[in-house]
Amino acid sequence: MRDFFKTTRFKVILCVLALLLGFMIQAAYSGTLSSVASKAIGFVSTPFQAVSSAVTGWFGGFFDRLTLADELLEENTQLQQQVRQLQGQLADLDRYKSENETYREMLQIQEEHPTFEMEAASVIARDSSSRFYSFKIDRGSDQGIALQDPVITQAGMVGIISEVGPNYAVVTTLLDPAFKVGATATASRDPGMVEGDVGLAQEGKTKLRYLAPTSEVKEGELVMSSDLGGTYPADLLIGTVLEVQMESSGISKYAVVQPAVDPSEVTSVMVVKAY
Amino acid sequence: MPTKKGKERFLKWLFYALLLFFCYIVQTTPGLLAIGSIQPVLVVPVCLAVAVLENELAGAIFGALAGLMWDLSASRISGFFGIILCVLCVAVSFCFLFWIRQNTVNFTLACAAALLVAVGLDYLFNFLIFYQGGSLYLLLHTLLPMAGYTLVYCPPLFWLARRIARRYAVEE
């Protein structure tokens, strides 16, 4: 065993460890998580992950039709009852239509922001040990995606691009404590910062921090991104305020926010490349 | 002109590499082999199997590769799991060379120990240091269940790797 430390194999193993350490230093120096080796692995694996993801999705849909037939029949019966109830509420149609138009103005991203240049992408890989439901998409720098680009769906903001390869990118979700974006509450117009919280992430929630002690943010208010700092575009829906509390320091308040999008369930997203 | 031995060696390492790559694709496919949000880390048993069935250098290289793949999929800094798995594979290789008999049960136990070490170091350096006690739920509800679920796939992966080793065994 002692002789092993004098062998060529041991020296080669040391070289491998030094190389890995070099990758780690390169990744830390570049401010991302990835090194040249990671980008190469990501580039090669992305097409296979896309195919695997598509095939798994197809099979999942096929077996769902067979195994969920009873559930679907019961759901159909319940839905028919609901339709009968809703038909009795037609008198409120005008009010619903007016509210719907207000929500459309708020949430219809393309109509609100015609200057957004977006790239549609599919989620092709997740790892259960990944931090706070981060995932990989099938678009990268070849399609003009860059670090810190916001990632959204029609329902709202999902996260930001934290790593980019030629044909893939990794998204850090808004549940991650590393995620920070300037935001405002729509009704009170109080500014703050949405920041992930480890404790709240397990419940699928995030935090709107640094609210003034006199803030009038209330439960039920929508939280939208602001363009303070110029990093992210304004008026992207982040979520809804659930409750407002005073920070333990007593200097500011924070709001618990229910994200508009569940990052663990998304299957397709849009990346805002320019705005 | 490649010799028969050279061809056999090449095919053996090619199939090991393909097995590792295939397991990486399977482990990162959303919903595949998933129980809830927990999916197994299949690259760990594969690189440990290579370390057990071959030698410590092969184990170190496959451990490094498997670790780099795991770093990419788990959004860890590149090289983190690479270094951990590289060292673990060398250690496991020596254990099976000198002290432990090569069989499926011992291999599964070795995988369990290796996964505990890897998951423990991951929790220490990526969560406990930054978020302290608030991240304990991640260890109990994500990392440890993931490690436990991975053990289910150790016997079949060890069997596959052993098939490759025996099929392309080269007399030295």
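Structure values in brief
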| quantity | calculated |
| --- | --- |
| Residue match in the stretch A:115-138 (condition: of a type outside the set (Val, Ile, Thr), at pLDDT 75 or above, in a helix (DSSP H, G or I) and closer than 30 Å to B:Leu144 by Cα) | yes |
| Test for B:Ile129: is it without any contact (Cβ under 8 Å) to a residue 24 or more places away in the chain, outside any helix (DSSP H, G or I) and open to solvent by 20 Å² or more (accessible area, probe 1.4 Å) | no |
| Tally of residues being more than 30 Å from B:Trp13 (Cβ to Cβ) and facing chain A (nearest Cβ under 9 Å) across the stretch B:133-163 | 8 |
| Test: residue in the stretch A:210-230 that is assigned to a loop (DSSP other than H, G, I, E, B), within 14 Å of another protein chain (Cβ to nearest Cβ), over 26 Å from A:Glu117 (Cα atoms) and not charged (D, E, K, R) | no |
| Whichever residue in the stretch A:206-251 is polar (S, T, N, Q) and more than 20 Å from A:Gln148 (Cβ to Cβ) and, among such residues, is least open to solvent (accessible area, probe 1.4 Å) | A:Ser215 |
| Unique match (being of a type in the set (A, V, I, L, M) and free of Cβ contacts under 8 Å to residues at least 24 places away in the same chain) among B:Leu18, B:Leu48 | B:Leu18 |
| Output for the stretch B:77-106, where each listed residue is touching a Phe, Trp or Tyr at 6+ places or on another chain (Cβ under 8 Å), more than 7 Å from chain A (Cβ to nearest Cβ) and either of a type in the set (Ser, Thr, Tyr) or open to solvent by less than 10 Å² (accessible area, probe 1.4 Å) (or both) | B:Phe81, B:Leu85, B:Cys89, B:Thr104 |
| Residue match in the stretch B:115-125 (condition: open to solvent by 40 Å² or more (accessible area, probe 1.4 Å), out of contact with any Phe, Trp or Tyr (no Cβ under 7 Å at 6 or more places or on another chain), within 30 Å of B:Glu8 (Cα to Cα) and free of Cβ contacts under 8 Å to residues at least 24 places away in the same chain) | no |
| Unmet criterion (only one of (1) open to solvent by 20 Å² or more (accessible area, probe 1.4 Å); (2) out of contact with any helix residue (DSSP H, G or I) (no Cβ under 7 Å at 6 or more places or on another chain)) for A:Val194 | (1) |
| Matching entry among A:Val272, A:Val266, A:Val256 (being open to solvent by less than 50 Å² (accessible area, probe 1.4 Å), closer than 22 Å to A:Ala121 by Cβ, among the hydrophobic types (A, V, I, L, M, F, W, C) and assigned to a strand (DSSP E or B)) | A:Val272 |
| Residues satisfying the stated conditions in the stretch A:261-275, i.e. among the small types (Gly, Ala, Ser) and under 20 Å from A:Ala201 (Cα atoms) | A:Ser264 |
| Residues satisfying the stated conditions in the stretch B:17-76, i.e. under 19 Å from B:Leu138 (Cβ atoms), open to solvent by 10 Å² or more (accessible area, probe 1.4 Å) and more than 7 Å from chain A (Cβ to nearest Cβ) | B:Ala34, B:Ile35, B:Gly36 |
| Residues (hydroxyl-bearing (Ser, Thr, Tyr) and modelled with pLDDT of 90 or more) located in the stretch A:139-161 | A:Ser141 |
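The values are calculated or read from the model by the stated rules, or taken from the named source; none is laboratory data. All of these numbers come straight from a predicted model, not from anything done at the bench. So basically every Cβ, Gly included, is an ideal-geometry build from the backbone, and we count neighbours across all protein chains shown. Just the protein is used for accessible areas: all its heavy atoms, side chains included, with ligands, DNA and RNA removed. Shrake-Rupley method; radii C 1.70, N 1.55, O 1.52, S 1.80 Å.
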